[in-house]
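Peer 1: Mind having a look at this structure? Questions to follow.
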Amino acid sequence: APPSSSYALLQEKTDLKLPPANWLRENTQLGTAGTTVLGSSRKSKPFSSFGMAYDFIDCIGDDVDVVSDSENIKKLLKIPYSKSHVSMAVHRVGSTLLLDELDIQELFMRSSQTGDWTWLKEFYQRLIDQKWQRKKKSKEHWNEKAILSKFLYYSINSDGTAVPVPSDTEQAAEEGCGTAAEGSSWPATFNSSTAESEESAIPKEVDTYALGHVSSVPKEQNLPTLFNEGENSQDLRNDFVRNILWTFEDIHMLVGSNMPIFGGGRYPAVSLRLRDNNKPINVLTGIDYWLDNLMCNVPELVMCFHVNGIVQKYEMIKTEDIPDLENSTFSTRVVKDIAQNILSFLKSNCTKEGHTYWLFKASGSDIVKLYDLTTLCEEAAEEKCQNPFTLPVAVLLYKVASNMILKKSQNRKNYGTIRTLLLNCIKLLDEERHPQIIASAHYMLAELFQLDDVSEDEGNGESLRGGGSEDSYSDEEEEEEEEEEDESCSYSTSSELQDDSKAVAIIRSVGELSVPEKYKNVCKCTFFHLEEKCRLVLSYVLKGLKAVDSSIKKESDLPAADPSTPIPLKYEERSQNGARDVEQDIALLLDRVGPCNEELKVPTRSGMLPGTWQHRMKLQLFLKASKAYYVLSDAATNLLKYGRALRYIKLALQCHDAYCSINGGLHPQVLLFHCQCLSLCGDVQLMLAQNASNRAAYLEEYNYQTKDDQEILHCLHRESSCQAFSMATDLASDPEYQLIVSSKCYEAAHDLLTSGVLKDLGQEQLGQVLKRLGNIRNEMGVFYMNQAAAILRVVCKQELWKKSFSCFEKGMQDFNAISDSVNTALLLCNIGRLMRICAQAHCVTTSEHSRGEFSPEEALYYNKAIDYYQRALKSLGCRESHSAVWDSVNWELSTTYFTLATLLQDYAPLSRKAQEQIEREVTETMMKSLRFCDLQTESARQPLYQYRAATIHHRLASMYHSCYRNQVGDESDRKQHRALAEQHYSKAVRLFISLSDAPCELLRTLLERVAFAEFTMAGQNSSAVKLKTLTGALEIMCETRHAFKLIHKELLDPLDENSDKPEELHSDSSPSSELNTEEVVKLIGVFEPSFSFLLLQLIKLSTASKRKVSGKEEEQVKIYKNVYSRFLRAEKSVPLIQRVSLFTELLDQLKTPTGSDEARSSSS
């Protein structure tokens, strides 16, 4: 913009009717205002806002609310004060509105020549009386305009003198006034333009005081340039002297202005106005002056008064004082409310990008209507190209959308706006004429949905928020004349009401605009969930591919089959070769996706030339489709729909195959994404192997295809056979094959990530792949281990053991590479289990198929298992590192020790070792198992640990019991064995009592302890000693009361549950009971003779005693006799529950204070 310079104060009595010497000469200070005799370009191009939008594309769509000529802004804000008509075209681009004056008269003059817009002419004639015509400007009007022009040229003339010019020049200039005022620049009907490749636009000024920064869009290389600057834009240039980013309240506007600004001295910026001293300033003039100065940030106004063209005086007025001028007083607050209401009204109702809206107020009317001309045009069945706004709007929509995508600071809140812009751009364009723009728009639509980060998302869904002329340095005389001519126009109110149904929205009275917040902008949001989002992406990709394919000349749609590509067979037909075929296919796969620096130099399979826009666009679309299918596969995996997941990852890899076919070198980021696809394919194959029972359902999901999937596959086949990854994506029926395929997919991803291209880029992904590799090798090791456990032949077992052990070792190497101690411990634990299975397989059986002695091979493998379990605990370090894994390994180690000790005890290798050595080994091994029984930590395994500890103590007590009974010789050893047996029996009983679900074990332990006391008594000679021993044994027998109560409760529970079935009341056991009734019956068979023997011997010894018996002792003997009598008379044939109940009663009867005291004295 020209810099502000000082202006010349004209001398009083200067005659402005005389032209200055510089009149009509181009002057940078006046800008375009200096090229016409009017000092204005009143009827210039009707697309002025588009020119501004093209120049300052960064502002459009989000940052700016309105783009327009300052004259249009002033006209809108003066609607409640003015009777003149308003006719404006409104276009929405994101949240930005573009306003241009729509000159209906000019439009209809053009319509009479071309035949376009006839539907609008007919519609308009229903709104306005057919006789309505604009009143022609009088000669006096043009004289006043000429005086204004001469005044401006005088003001910039250095000497300020009036130098006459030839009369013929003046006459020609005045005659040209009408054409300058009335002529407008309407482009021809819009077809594909072949305009100049580059616009040489004049640099535009954005005032430094503006609150935002306006800059043109940078040219990025990652999106193809679809057309050169100026092409398809119909030479829509920005001819304003200055472009201003103006904030009015909270409304941000990009305003074009041609008002000359002067300055100098103590007035750095002023605007000049010429006023007829005989005409007072009115409200419209005051608002006009005030808004002009506000927009251009001019603090003062200089008013020059004249009478019949003779200068009288100058007056200086501050901008903030303009609203208080005499005869033109107005409220600035009301003007701001009007602005907010108009903007809200337009934004709420102009919701469709690409549509041309018409804001219309007839002269003299208070009603403002908004029409959708695009919809009316469609109803009139006229082609969209007949709307001259169609292509400029489409190009602007595309440019704004692409610019918003390219903004690095862009966030997702504007994605809905971009999507709406592009969809409406596509609607406006003809695919045959603009395939490149349409293909690129569809790609950008697909690119809106960021599929690289899906956890995002994601939460519950993604919100797409959609919303969807004239340059003048004017003065009040023109406004007043328009008021007069509008009053003379004929206007039909009844006809207006008849056409209300055609209006999108109506302001019933212009007075409503002055009411604060009368109209509010309503924003609508659309939410897309993950699968919906991917399906939209794929639909856009498909449309983009179709647009590209339609622009490629081909003889046939489908190319002939590639003879060098083998047709893949189904797995069932190649399963004999197994892993060997898989390894060969993976090798080919790696060759296929390996990075290459050579660019393609020959046409692709479809005839597409490398380097063309079609080639670049297809690369982007193939890659986007691959990402969409990857996200769908990942989502299906999370939903446990593994057949669907395999189908989607197959399509993703087919898209990648087509991408490789037309691309000579793969970008590292593309290779990283391909590694993700291979990893996910491995995940899906692994899950299919683990859920083989649902194969029928997965097969149905795998074979289903949508129409879009089929059409995309058809587009892929134009470039590739898409068979490179068929091996990895087949749905096989053999779990082993699926595990192998899964492993090979991970290995392929690992090999890519460790290659030279990705060595430094894929470190994070490499860790994830190594973890997957370790996991799949663990799964394969477990698979082979379970197979080995189910096979009888030792030779076959050994082969499977080797496979299993190899898989576990490789898995440990993978986990060690990423320092994953927890998973390493788990694999060591699995190897320990494998060693135990090997030990079980080496069990020696005799000719009678019975278990033989514990063999050295068994001992070897059990000791190996113990070693691996100990390594697992060492890998973990402490329980705090991972309590669940630590507890699991601890339990397995305790179990291995316990199993080893049990086998040594039950199947003692007496042919190789002495009894004493075996007993020592059993004791050591049992104590090691006991050391790993965590009895203190509260956990789900605590009852199991208690049961195992009780069993260990019971077994050790039984062993020492046996040694005590069978040992002959050293008395000290016998005493030690007796003491150890008592100690372990006591601990076993205490632990079994703490358990509520081991009554049989408790009963057996107590009966063995009683038998131990009976055996001890048999070696005693003194009657008193025997009596004490028997009393102690009876006390132990009384402790069986706890076991019998538990047994009675378990026998009673199923009877209560089946009380409605009388026939089951007398059965000895219930099928639903977990109690081993056969074991109970056997133990009772031991209990009864032992109990009878103890009572009988106590009665005999008590009555045969020669010493005097106390009263308490006599009472106790009576109890013994009573219990013994009841016991002998008891029926043996009664149900088991009644027998148990009787035993409980008899034991309760024996448990008297006397009995307790005596027992304590006997044991002391």
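Peer 1: For the stretch 638-726, give me every one of the helices (runs of 4 or more DSSP H) that falls completely inside it and has 3 or more residues that are surrounded by fewer than 21 Cβ atoms within 10 Å (Cβ to Cβ). Steps first, answer last, please.
Peer 2: Numbers: elements: 642-661, 668-690, 695-703, 707-717.
It comes to 668-690, 695-703, 707-717.
Peer 1: Among the candidates S1141, S1105, S1110, S1162, which residue alone is among the small types (G, A, S), closer than 27 Å to A1013 by Cβ, open to solvent by less than 60 Å² (accessible area, probe 1.4 Å) and at pLDDT 80 or above? Spell out how you get there, then give the answer.
Peer 2: On the way: S1105 fails: at pLDDT 80 or above; S1110 fails: at pLDDT 80 or above; S1162 fails: at pLDDT 80 or above.
Exactly one residue qualifies, and that residue is S1141.
Peer 1: Find the residue count for the stretch 629-679, including only residues that are over 14 Å from A724 (Cα atoms), among the β-branched types (V, I, T) and modelled with pLDDT of 90 or more.
Peer 2: Matching residues across the stretch 629-679 total 2.
Peer 1: Given the criterion within 24 Å of L828 (Cα to Cα) and either acidic (D, E) or not in a helix (DSSP H, G or I) (or both), identify the matching residue among E880, E853, E916.
Peer 2: Sole residue among the options that is within 24 Å of L828 (Cα to Cα) and either acidic (D, E) or not in a helix (DSSP H, G or I) (or both): E880.
Peer 1: So how many residues does the stretch 1-55 have that are of a type in the set (D, E) and modelled with pLDDT under 75?
Peer 2: Start the filter on the stretch 1-55 by keeping residues that are of a type in the set (D, E), which leaves 12, 15, 26, 55.
Among the residues that remain, those that are also modelled with pLDDT under 75 are: 26.
Residues that pass the stated criteria total 1.
Peer 1: Check the stretch 915-925 and report whether any residue there is among the hydrophobic types (A, V, I, L, M, F, W, C), open to solvent by 40 Å² or more (accessible area, probe 1.4 Å) and either at pLDDT 90 or above or within 21 Å of G852 (Cβ to Cβ) (or both).
Peer 2: Residues of the stretch 915-925 that are among the hydrophobic types (A, V, I, L, M, F, W, C), as a first pass: 918, 922.
Going one step further and asking which of them are open to solvent by 40 Å² or more (accessible area, probe 1.4 Å), we end up with none.
Looking through the stretch 915-925, none of the residues is among the hydrophobic types (A, V, I, L, M, F, W, C), open to solvent by 40 Å² or more (accessible area, probe 1.4 Å) and either at pLDDT 90 or above or within 21 Å of G852 (Cβ to Cβ) (or both).
Peer 1: While we're here: Inside the stretch 102-141, can you point out the residues that are among the charged types (D, E, K, R), open to solvent by less than 60 Å² (accessible area, probe 1.4 Å) and either out of contact with any Phe, Trp or Tyr (no Cβ under 9 Å at 6 or more places or on another chain) or at pLDDT 65 or above (or both)?
Peer 2: Here is the first cut: in the stretch 102-141, the ones among the charged types (D, E, K, R) are 103, 106, 110, 116, 121-122, 126, 129, 131, 134-137, 139-140.
Filter once more, keeping what is open to solvent by less than 60 Å² (accessible area, probe 1.4 Å): 103, 106, 110, 116, 129, 137.
D103, E106, R110, D116, K137, listed by residue number.
Peer 1: Looking only at the stretch 950-992, filter to residues that are among the hydrophobic types (A, V, I, L, M, F, W, C) and under 20 Å from D934 (Cβ atoms); which one of those is most open to solvent (accessible area, probe 1.4 Å)?
Peer 2: Going through the stretch 950-992, the residues among the hydrophobic types (A, V, I, L, M, F, W, C) turn out to be 950, 952, 956-957, 959, 963, 968, 979-981, 988-989, 991-992.
Among the residues that remain, those that are also under 20 Å from D934 (Cβ atoms) are: 950, 952, 956, 988, 991-992.
On the way: A950: 0, I952: 0, L956: 2, A988: 0, L991: 30, F992: 2 Å².
In this case the residue turns out to be L991.
Peer 1: Follow-up question, since we're still on this one. Quick check, is E736 open to solvent by 30 Å² or more (accessible area, probe 1.4 Å), over 27 Å from the mean Cα position of the chain (by Cα) and charged (D, E, K, R)? Steps first, please.
Peer 2: Numbers: open to solvent by 30 Å² or more (accessible area, probe 1.4 Å): yes; over 27 Å from the mean Cα position of the chain (by Cα): yes; charged (D, E, K, R): yes.
Yes: the conditions hold for E736.
Peer 1: Among residues belonging to the stretch 292-305 that are in a strand (DSSP E or B) and open to solvent by 20 Å² or more (accessible area, probe 1.4 Å), point out the one that is nearest to N258 (Cα to Cα). Reasoning before the result, please.
Peer 2: At the first step, the residues of the stretch 292-305 found to be in a strand (DSSP E or B) are 300-305.
Restricting the remaining residues to those that are open to solvent by 20 Å² or more (accessible area, probe 1.4 Å) gives 300, 305.
Numbers: E300: 17, F305: 22 Å.
Filtering first and then ranking leaves E300.
Peer 1: Out of the residues in the stretch 347-361 that are in a loop (DSSP other than H, G, I, E, B) and not β-branched (V, I, T), state the one that is most open to solvent (accessible area, probe 1.4 Å). Reasoning before the result, please.
Peer 2: Here is the first cut: in the stretch 347-361, the residues in a loop (DSSP other than H, G, I, E, B) are 350-356.
Remaining after also requiring not β-branched (V, I, T): 350, 352-355.
Numbers: C350: 0, K352: 95, E353: 1, G354: 6, H355: 26 Å².
Per the stated criteria, the residue is K352.
Peer 1: Are there any pairs with C-beta distances below 8 angstrom linking a residue in the stretch 58-81 that is part of a strand (DSSP E or B) to a residue that is among the aromatic types (F, W, Y), with the two at least 6 apart or on different chains, and if so which?
Peer 2: D69/F240
Peer 1: Looking at (1) on the phi > 0 side of the Ramachandran plot; (2) open to solvent by 10 Å² or more (accessible area, probe 1.4 Å), which one does G94 not meet, given that it meets all the others?
Peer 2: It fails just one condition, (2).
Peer 1: A further question on this structure: Go through the stretch 142-173 and give me each residue that's at pLDDT below 75 and within 24 Å of Y314 (Cα to Cα). Quick ask: steps written out before the conclusion?
Peer 2: Step one: filter the stretch 142-173 for residues at pLDDT below 75, giving 157-173.
Result: N157, S158, D159, G160, T161, A162, V163, P164.
Peer 1: Only one of V311, V270, V335 is closer than 30 Å to V504 by Cβ and either in contact with a strand residue (DSSP E or B) (Cβ under 7 Å, 6 or more places away or on another chain) or buried (at least 16 other Cβ atoms within 10 Å of the Cβ) (or both); which? Outline the logic, then answer.
Peer 2: On the way: V311 fails: closer than 30 Å to V504 by Cβ; V270 fails: closer than 30 Å to V504 by Cβ.
Matching residue, one of V311, V270, V335: V335.
The values are calculated or read from the model by the stated rules, or taken from the named source; none is laboratory data. Nothing here was measured: the structure is a model prediction, and the numbers come from that model. Glycine also receives a Cβ, built like all others from the backbone with ideal geometry; neighbour counts cover every protein chain displayed. Only protein heavy atoms, including side chains, enter the accessible area calculation; ligands, DNA and RNA are left aside. Shrake-Rupley method; radii C 1.70, N 1.55, O 1.52, S 1.80 Å.
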